[in-house]
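Below is one structure, written out as structure tokens, with a few remarks after it.
All of the numbers you see were taken from the coordinates with simple rules; none came from a lab. Quick caveat: nothing in here was measured; it's all calculated off a predicted structure. Neighbour counts run over all protein chains shown; Cβ positions are idealised from the backbone, glycine included.
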Amino acid sequence: MTQQVLENWEVDAIVPNEGEVPFLKIVQAVERDEPLDGLPGLAMLHNGEIRLTPAPPPVPIDELPIESHMYEDRTITHKEAEFMSGGTLGPEPWQYRTFWMNTTRGCPYHCTFCSVLGRSSWRMESPTRVVDRMQLLHDEYNCRYLSFGDSSFNIKPGRVIEICDEIVKRKLKIRWFASGMRANKQLLPKPMVEAMTRAGCALIYFGAESGSREILKTIRKNLNPMDVDRTVSLTQSHGIHARVSLMIGNPRESDETIDQTLALLDRVDPSLAGIAIAQIYPGSELFTHAKELGYITDEYWANGNHAIPFFPSASYATTMRWYNKIRFRKTPARGLIGHLYGARAGLHSRFGISLGRGGIRFGTPPPPLFCDMSGASEFELASLPRDAASAK
Ligand code: SF4
């Protein structure tokens, strides 16, 4: 992918990893009118060959400057906030500015579909500094509502409790939500949920992904679906809304695994549920595996012609039928709508017939991209990363 971007766009260099240090070096070199060659952490083309210079060591987050003016551009609109919270916060927070904040880098887990940076260099900002930044947003920007955008906010529950205690100690009046939380039982102890309630947490997003143990094992989510039951129930019983994020269309997905996901949804009854179709992102294990099997090339994203990956068990129509079955789960009427959507998807994929507001259009069916992942290795539930297992 790096090569394709360098070759196909007017780009001199790419910073494939964390940018603070390499980008500063680029700016300094440009200011001095010096060449970029040899600067750390850059990918550049030399005579058609990609050359990557070693990345500098990751900077501890606490050593990065807090530049208050940076927050000017980081506000999220009320509409975005409303969408992300699913309207669960009521009208009151929308009177204020809302912000997005990350307090960790990377994630120590290894989900096959994920392309998060920093698997081997997961690190976090100290609790005091997190709340210092919240205080700044509160005092200088009238922030009353904030979203933690960390990939996995609760890798260390003890740290979450410290952040919450500090918020309470300073009497900060900010409502907040955590947009990426692991649902594992050991990462969501009751004292942590109690502390989050005291500190103004309104909503948590859990990456549940699937109700099927087989799928969770295949994507190496390292999660027991029963943990999601327990976690959502615990969260909601403490007055915090729970949203579960689900995925469909991973290798080994079938009618049976979809039914297991529906059963999970029915059992846990979250405040909100989001569903997405699995995508093969560059940097993810799924992407590498699909490339090794010869189903895709680096052009997959570079040429803008990326189809939904179809696995042997699932055509486009089947994938859409699954998608709509879950999406329209809640009432029989919605279920019927889901089936109609599924039928529409089938017309498009088999006959190229599109039904839309503009009427009926005849075209060609989308090209099938058969991605046989049935040979994917049997992923075992790995033991928890050391950091997570030792977190208290
Ligand atoms: S836990 Fe979340 S952020 Fe971490 S690897 Fe899995 S999907 Fe990615």
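Take the convex hull of the alpha carbons in the range 110-153; its mean projected area over all directions comes to 4.1 nm². Model label points for VAL168 and HIS46, set 7 angstrom from Cα along the Cα-to-Cβ axis, are 5.7 nm apart.
Overall shape of the range 119-184 was characterised from the C-alpha gyration tensor. The equivalent ellipsoid obtained from it has semi-axes of 21, 12, 12 Å, in decreasing order. Across the range 103-236, the relative contact order, built from alpha-carbon pairs under 8 Å that are at least six residues apart, equals 24 percent. Amide H contacts of ARG123: ARG105, each under 5 Å away and 5 or more positions distant or on a separate chain (H built 1.01 Å from N in the peptide plane; Pro and chain starts excluded).
For the range 219-234, 3J(HN,Hα) computed residue by residue from phi via the Karplus equation (6.51, -1.76, 1.60; θ = phi - 60°) reads 8, 6, 6, 6, 9, 8, x, 5, 5, 5, 4, 5, 5, 5, 5, 4 Hz, glycine and proline entered as x.
Straightening the chain between LEU136 and SER254 buys 37.6 nm, computed as 0.36 nm per residue apart minus the Cα-Cα spacing. Close amide H partners of LEU246, meaning residues 5 or more places away or on another chain with modelled amide H under 5 Å apart, are GLU209, GLY274, ILE275, ALA276.
Entry note, the range 2-52: relative contact order of 38 percent, from Cα contacts under 8 Å with a spacing of 6+ residues.
Considering only ALA13, ILE26, LEU52, and ranking their Cα positions along the charge dipole of the range 2-52 that arises from unit charges at the beta-carbon of Lys, Arg, Asp and Glu, the one farthest toward the positive end is LEU52. Arranged from fewest to most other beta-carbon atoms within 10 Å of their beta carbon, VAL11, VAL131, VAL116, VAL160 become VAL11, VAL116, VAL131, VAL160. Pairs from the table (LYS190/LYS221; LYS291/LYS325; LYS156/LYS221; LYS185/LYS217; LYS169/LYS190; LYS217/LYS325) lying more than 27 angstrom apart at Cα are LYS291/LYS325.
Annotation: amide H-H contacts under 5 Å for ARG144 (H modelled 1.01 Å from N, sequence separation of 5 or more, or interchain): ARG97. Here the dipole of the range 2-52 is about 120 debye; that uses its Cα centre as origin and unit charges on the Cβ of Lys and Arg (positive) and Asp and Glu (negative). When you count the other C-beta atoms within 10 angstrom of each residue and take the mean per peptide, 274-284, 202-212 line up highest first as 202-212, 274-284. As a ratio to 2.2 N^0.38 Å, the alpha-carbon radius of gyration for the range 1-60 is 1.09.
If you take the beta carbon distance between GLN186 and PHE23 as r and set R0 to 35 Å, what does 1/(1 + (r/R0)^6) give as a FRET efficiency, to the nearest 0.05?
0.40
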